[in-house]
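The values are calculated or read from the model by the stated rules, or taken from the named source; none is laboratory data. Not measured: the values here are computed from a predicted model. When we count neighbours, we look across all protein chains shown, and the Cβ atoms used for this are built from the backbone with ideal geometry, even at glycine. With ligands, DNA and RNA removed, areas are computed over all heavy atoms of the protein, side chains included. Shrake-Rupley method; radii C 1.70, N 1.55, O 1.52, S 1.80 Å.
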2 protein chains.
Amino acid sequence: MSAVPTPRSGGIQSVERAVAVLKLFGEAEPELGVTELARRLRLHKSTISRLMATLEAGGFVQQDPRSGRYRLGLQLATLAGRALNQYELRDVARGALVTLAQATGETCNLAVRDGDAAVNIDQVLSPNPVKHLGWIGRRLPLHCSAAGKPLLAFALHTDIERVLSVPLASYTPRTVTDPSAMWREIQRIRVDGVALAVEEFEPELTAAGAPVRDYRGEVIATVSASGPSFRLNSDRLLEVAAHVRATADHLSAGLGYRAPTIPVISVAPFGVPGHASPVLRSGELETTGVNKAPKRPGTPGNDRQTLTGRRAPRDARASRAHVPPAGHIARFEGDLGEERSRW
Amino acid sequence: MSAVPTPRSGGIQSVERAVAVLKLFGEAEPELGVTELARRLRLHKSTISRLMATLEAGGFVQQDPRSGRYRLGLQLATLAGRALNQYELRDVARGALVTLAQATGETCNLAVRDGDAAVNIDQVLSPNPVKHLGWIGRRLPLHCSAAGKPLLAFALHTDIERVLSVPLASYTPRTVTDPSAMWREIQRIRVDGVALAVEEFEPELTAAGAPVRDYRGEVIATVSASGPSFRLNSDRLLEVAAHVRATADHLSAGLGYRAPTIPVISVAPFGVPGHASPVLRSGELETTGVNKAPKRPGTPGNDRQTLTGRRAPRDARASRAHVPPAGHIARFEGDLGEERSRW
DNA sequence: CCACAGTGTTGCGACAGACGCAACACTGTC
DNA sequence: GACAGTGTTGCGTCTGTCGCAACACTGTGG
């Protein structure tokens with residue numbers, strides 16, 4: 001077994017290890033060798049070698065025949081394309097995103113929540129890109145990115161408390177990490193209907209993001225525009241933020257959302273807090289055939305609740321909240337922020 | 001063990017199964033249940049259930065809490081983004097792709113070879129899209145797609161023979177499946193420097209594709225433009241094809257390729273035939289700092305050749321050529337063509 | 001309201017597959 | 001040519017994976 005015995009998480013150990021290996025490939029290190037992977041995961045080289053051989057046969061990694069080192073393979077792009085194609089919101093929002101990019105002159109993204117991160121699911125590059133900002137699939141922190149903040153601000157109160165109960169990662173000197181300050185920021189976003197992020201997540205990156213709501217007012221995505229800080233000064237940022245909010249409001253209206261006279265906090269969301277369903281759900285829009293008919297209405301409450309529509313907890317899911325012992329090698333934690341945009 | 005015993009492929013069985021599960025999720029069936037997956041892979045429901053729990057913990061799939069069925073998860077998009085970001089050619093070609101889409105009015109793609117398929121690694125949508133053509137990550141057949149044909153036409157003779165030695169899949173009544181006819185098509189492409197595909201891969205889809213060469217003349221990618229057949233009639237298609245070829249030639253020139261007075265067939269390629277390396281290699285371009293310095297020059301020859309730079313064959317890779325017995329459940333074969341573009 | 005058929009989950013014991021060890025083949029450097 | 005490092009592979013051990021059986025839950029029809 002591994003040098004540091006891992007308490008059984010309830011999953012299949014070999015598959016867990018394969019997943020952990022794939023997640024080690026970051027933007028800073030697109031190529032890794034067997035020995036380095038073994039060192040990081042504290043497994044034997046022969047174990048890693050066999051894992052890589054299996055992943056390569058499936059197209060998930062490729063080995064450079066000269067150096068013997070491995071890279072992520074394009075079979076991942078194929079599966080990702082399929083995953084992304086499920087999101088009907090991408091098709092619905094594509095035109096608005098193109099228009100927003102043209103109006104603001106900046107790179108624009110559509111993001112949804114996935115666990116405790118925002119993930120870009122569509123992107124329109126700026127007509128004048130200075131650098132490679134974000135990318136589809138990129139994970140952004142909820143507390144300090146323009147795409148993430150609205151998803152957090154309009155989440156359930158208990159969910160926000162849970163997210164803020166763990167130390168908030170600091171990405172730049174401007175990252176807000178104090179939970180009290182974060183609550184004040186959340187109040188601001190709720191009032192303004194748009195979030196700003198000025199060099200909080202990445203140096204010299206400024207962005208504005210606004211919530212996209214479905215017909216019940218549930219925040220299901222965010223629209224954001226981002227660019228270099230030298231181009232997005234205070235005045236320009238407010239102008240861009242107005243565009244972003246207008247785009248998000250327009251999309252929300254198209255999904256059947258009717259804004260009340262006072263802003264409300266999200267209540268009784270579908271499904272599991274923290275995951276956006278790829279299939280849009282609609283009340284009044286259902287009759288238009290725009291979206292697939294949703295399954296039976298969701299109910300508020302915890303993950304996998306019995307009766308009223310939810311499945312009972314699974315031990316493997318319970319393991320998600322497992323607090324690993326000291327020295328434990330993290331296996332599934334998604335990595336954020338170590339991927340800086342390239343100039 | 002499974003009802004149909006599988007000869008040991010040399011890989012790790014649990015990981016192979018996990019990969020096979022992920023590949024079952026297609027565009028036609030984005031959501032699958034445990035029982036259905038078990039039926040298709042001829043494994044027990046409990047085996048599949050535990051595999052899915054492990055993949056879900058890693059973010060590779062998501063379970064709909066109401067229906068209990070699974071979908072591909074966004075962690076795949078994150079890994080795919082990292083895989084795609086390695087391809088320097090995307091950055092180099094992005095501007096040309098935008099210009100080509102504007103000039104032709106059609107959706108344009110950049111594709112590379114991955115095993116026996118062409119895979120889109122970048123895309124610019126038509127200003128007037130009629131339908132959702134292709135997508136990044138989509139795998140296209142080498143024998144009947146505009147992106148694939150140039151990759152095949154300029155491959156090594158032995159490689160072409162190998163590809164044409166197995167029955168060519170038929171996607172539409174117009175698909176060329178006769179190897180002799182395919183050789184003639186290959187000769188045409190070599191002379192014209194551009195490939196056409198008129199409803200060969202997908203009904204009512206017409207496309208043109210041209211090879212992008214590196215400084216040594218090696219075909220490392222294709223540029224293609226595609227659109228609905230009602231818009232791309234014969235005259236219009238030739239016009240688009242001219243644009244596509246010009247764009248590909250321009251990109252090739254930018255990579256250091258100098259076209260000889262007579263067309264040549266590719267010789268002595270880098271690395272493994274069938275896989276495009278994400279890192280561009282350059283002779284004269286190296287001094288300009290445009291590309292990362294390549295590793296030591298590659299040598300011609302077979303996969304994993306000893307001495308002159310190649311590693312010895314691995315049993316697991318040898319298993320790629322393994323001919324499965326009757327009744328064998330395919331585990332890694334990439335699927336093509338069952339994914340039709342959505343109107 | 002109940003019976004039934006279907007779904008996905010879980011405890012458990014058997015054993016087949018995964019693992020680490022040791023040795024090997026290969027490569028780059030001095 | 002020696003050496004240090006890489007990744008690969010044969011082999012025996014044992015533990016993690018697997019399938020069975022039972023369970024919990026859901027939707028449907030009477």
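Some observations on this one:
- Note on A:SER229 and B:GLN102: their simple-model spin labels are 3.1 nm apart, each label 7 Å out from Cα toward Cβ.
- Estimated dipole of segment A:86-254 in Debye, rounded to 20 [Cβ of Lys and Arg +1, of Asp and Glu -1, Cα centre]: 60 debye
- Relative contact order, percent, segment B:13-78 [alpha-carbon distance under 8 Å, six or more residues apart]: 30 percent
- Relative contact order for segment A:86-254, counting Cα pairs under 8 Å that sit 6 or more residues apart, in percent: 23 percent
- Each Cα pair under 8 Å and six or more residues apart adds its sequence gap; the mean of these over the residue count of segment B:175-228 is a relative contact order of 25 percent.
- Around the Cα centre of segment B:13-78, unit charges on the Cβ atoms of Lys, Arg, Asp and Glu (plus for the first two, minus for the last two) sum to a dipole of about 260 debye.
- List of segment A:18-34 residues, accessible area with partners at least 40 Å² below that of the chain alone (1.4 Å probe): A:VAL19, A:LYS23
- Cross-link table A:LYS45/B:LYS23; A:LYS45/B:LYS45; A:LYS23/A:LYS45; A:LYS23/A:LYS149, entries beyond 29 Å C-alpha to C-alpha: A:LYS45/B:LYS45
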